[in-house]
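Reading through the structure tokens given below for one structure.
The values are calculated or read from the model by the stated rules, or taken from the named source; none is laboratory data. For clarity, every value in this text was computed on a predicted model and none was experimentally measured. Here the Cβ positions follow ideal geometry from the backbone for every residue, glycine too, while neighbour counts run over all protein chains shown.
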Amino acid sequence: MVTCAIDLGKFNSVCCFFDPASQKHQFETIATRRSHIEHLLSSRPDIDLIVMEACGPSGWINDICQDRQVKTLVCSTNEEAWNWKATKRKTDRDDALKLAEMSLLRRLVPVHVPKPDIREQRAFIKYRKSVDQDINRLKNSIRSIFANRGIEIDTGERAWNTGRVHINSFRKPIEDCTRDELWQGQLDMQLTRLDDLAVKLESLETKLDEFAADHPDIVRLMTIPGVGRKTAEAIVAAIDDPHRFKNARHVSSYLGLTPKQHQSGETDRNGRISKRGSKLLRTMLLQCAWCSLRYNKWSKKTYDRITGGSKTRRKKAGIALARKLGVIAWAMMRDQTDWDASKLLPQDEAKDNGKLKIKRKPPKPPGPVYSDESSGVAHRKANLTMKPKRQTRTGNRRTQTVQLK
């Protein structure tokens, strides 16, 4: 039997047919297309193992191999066995041959290949994030158009709600613009793109809401105080099968929230987090950790315990809390249980399932669509009429505080 190691490329791929018994190998270059992969498996029935690196085409190639009952080994190139630092030559054939040799030595760490529906869900979540980023870029570019011409618009989200009337008053079709009014035509095209992306984002959110309502794990994770639909669906899509992780340390390492370790002799130093895995999931877990401080008693208590009242440990405590939330979410998916605050908090603090009572201020009445003076200018003018506050003057040895008259 033969091991086929494939060095995948965007257009062409190099296959190395390696015979473990005779230690002989031969190469073949094929196109990275579905028909060519199927023809390869049909023409070589002696292949018992397909080895390839984790990349975009590895998903559908793994599906073809599974349908033909051919074993596959998808490995990650981020592992230490794949670091090529002292090589004098690196080619596609060398990569394919090294894949075959390391698979024979069992030096490759297999990577979990999710099912097609999970892969589509991950891609859909990433696309939603890219659309959201495009909307923010358009908003910033529209603000720069007004800022470069000294025209003031409303700040914050009010500019895109009640202040949109003032922004629309400057737009003009590009066909009707003169040379001095070309910026108004540019504004019209940017606002058209912004409205189109806003409609698309709303349709994406509607589709994700429908998917979340039908997925029991997403509904289960949303029972955690402070965890919303976006974070829950990202966790479910990334973990996929919770039983593929051995323990909580394995999950933490998969999320990239464990510190790097450097040990040599008497030196044992832990560095920054490894940042392995999905960057989007780490970002959402960290944002969820900060938000859960307002809604979750356990999160607030854990955060205060880690910080110990020190301001310099706030970011470390936030990352540690994000890791703990990820581990709890994995345990809930594994055990098929909802959030239970009594397992984490004392009985007297576990009331209302560990939810904090938020004291919200009464909503302010909506302001005008646009004012001649911006909020910053009005704030500075109001402060000029007030008595100046105490000013701190720093000396060489001590700090002196004087009262302005």
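Which condition from (1) modelled with pLDDT under 95; (2) in contact with a helix residue (DSSP H, G or I) (Cβ under 7 Å, 6 or more places away or on another chain); (3) among the small types (Gly, Ala, Ser); (4) at negative phi is the one that Ser310 breaks?
Ser310 satisfies all of (1) modelled with pLDDT under 95; (2) in contact with a helix residue (DSSP H, G or I) (Cβ under 7 Å, 6 or more places away or on another chain); (3) among the small types (Gly, Ala, Ser); (4) at negative phi except (2).
Is there a residue being within 28 Å of Arg119 (Cα to Cα) and within 16 Å of the chain's Cα centre (by Cα) anywhere in region 258-267?
For region 258-267, residues within 28 Å of Arg119 (Cα to Cα) and within 16 Å of the chain's Cα centre (by Cα): absent.
In region 169-178, what residues are more than 19 Å from Ser144 (Cα to Cα) and part of a helix (DSSP H, G or I)?
Glu175, Asp176
Looking only at region 181-198, decide whether some residue is farther than 28 Å from Arg276 by Cα, of a type in the set (Lys, Arg), assigned to a helix (DSSP H, G or I) and at pLDDT 90 or above. Give the steps one after another, and end with the answer.
Residues of region 181-198 farther than 28 Å from Arg276 by Cα: 181-198.
From what's left, of a type in the set (Lys, Arg): 193.
From the residues that got through so far, the ones that are assigned to a helix (DSSP H, G or I) too are 193.
From the residues that got through so far, the ones that are at pLDDT 90 or above too are 193.
Among the residues of region 181-198, at least one is farther than 28 Å from Arg276 by Cα, of a type in the set (Lys, Arg), assigned to a helix (DSSP H, G or I) and at pLDDT 90 or above, which makes the answer yes.
Taking region 212-257 as the search range and keeping residues that are among the hydrophobic types (A, V, I, L, M, F, W, C) and more than 19 Å from the chain's Cα centre (by Cα), which one is farthest from Ile319 (Cα to Cα)?
First pass over region 212-257, keeping only residues among the hydrophobic types (A, V, I, L, M, F, W, C): 212-213, 218-219, 221-222, 224, 227, 232, 234-239, 245, 248, 251, 255, 257.
Checking the rest, the ones that are also more than 19 Å from the chain's Cα centre (by Cα) come to 213, 219, 224, 245, 248.
On the way: Ala213: 29, Val219: 24, Ile224: 18, Phe245: 21, Ala248: 16 Å.
Among residues in region 212-257 that are among the hydrophobic types (A, V, I, L, M, F, W, C) and more than 19 Å from the chain's Cα centre (by Cα), the one farthest from Ile319 (Cα to Cα) is Ala213.
What number of residues within region 255-289 are hydroxyl-bearing (Ser, Thr, Tyr) and out of contact with any helix residue (DSSP H, G or I) (no Cβ under 8 Å at 6 or more places or on another chain)? It would help to see each step written out before you state the result.
Pass one, region 255-289, residues hydroxyl-bearing (Ser, Thr, Tyr): 258, 264, 267, 274, 278, 283.
Okay, now just the ones that are also out of contact with any helix residue (DSSP H, G or I) (no Cβ under 8 Å at 6 or more places or on another chain), so 264, 267, 283.
The total comes to 3.
Looking at (1) part of a loop (DSSP other than H, G, I, E, B); (2) closer than 30 Å to Cys75 by Cβ; (3) not small (Gly, Ala, Ser), can you tell me which one Thr223 breaks?
Looking at each condition in turn, Thr223 falls short on (2).
Have a look at Thr72, Thr32 and point out the one that is closer than 25 Å to Thr91 by Cβ and touching a Gly at 6+ places or on another chain (Cβ under 8 Å).
After applying the criteria, what remains is Thr32.
For Arg269, which of the numbered conditions (1) within 22 Å of Ala329 (Cβ to Cβ); (2) surrounded by fewer than 17 Cβ atoms within 10 Å (Cβ to Cβ) fails to hold?
The failed condition is (1).
What residue, of Ile64, Ile145, is β-branched (Val, Ile, Thr) and closer than 30 Å to Met189 by Cα?
Numbers: Ile64 fails: closer than 30 Å to Met189 by Cα.
Only one candidate passes the filter, namely Ile145.
What pairs come up if the first residue lies in region 308-326 and is assigned by TED's automatic domain parsing to the domain that holds Leu281, the second is assigned to a loop (DSSP other than H, G, I, E, B) and among the aliphatic types (A, V, I, L, M), and their beta carbons are under 8 Å apart, counting only those six or more places apart or on different chains?
The qualifying pairs are Ile319/Leu257; Ala322/Leu257; Arg323/Leu257; Leu325/Ile224; Leu325/Val227; Gly326/Leu257.
Determine, yes or no, whether Ser58 is within 29 Å of the chain's Cα centre (by Cα) and surrounded by 13 or more Cβ atoms within 10 Å (Cβ to Cβ).
On the way: within 29 Å of the chain's Cα centre (by Cα): yes; surrounded by 13 or more Cβ atoms within 10 Å (Cβ to Cβ): yes.
Yes, satisfied.
Go through region 206-227 and count every residue that is surrounded by 18 or more Cβ atoms within 10 Å (Cβ to Cβ) and among the β-branched types (Val, Ile, Thr).
Final tally of qualifying residues: 3.
Before we move on, is Glu101 without any contact (Cβ under 8 Å) to a residue 24 or more places away in the chain, in a helix (DSSP H, G or I), on the phi < 0 side of the Ramachandran plot and outside the structural domain of Glu233 (by TED's automatic domain parsing)?
Working: without any contact (Cβ under 8 Å) to a residue 24 or more places away in the chain: no; in a helix (DSSP H, G or I): yes; on the phi < 0 side of the Ramachandran plot: yes; outside the structural domain of Glu233 (by TED's automatic domain parsing): yes.
No, not satisfied.
Find all pairs meeting these conditions: Cβ atoms under 9 angstrom apart; at least six residues apart or on different chains; first residue within region 235-262 and assigned by TED's automatic domain parsing to the domain that holds Ser278; second residue assigned to a helix (DSSP H, G or I) and acidic (Asp, Glu).
Close Cβ pairs satisfying both conditions: Ile235/Asp217; Val236/Asp217; Ile239/Asp217; Pro242/Asp217; Pro242/Asp335.
Please state which of the following conditions Arg107 fails to meet, knowing it meets all the rest: (1) basic (Lys, Arg); (2) at pLDDT 90 or above; (3) surrounded by 13 or more Cβ atoms within 10 Å (Cβ to Cβ).
Every condition holds for Arg107 apart from (2).
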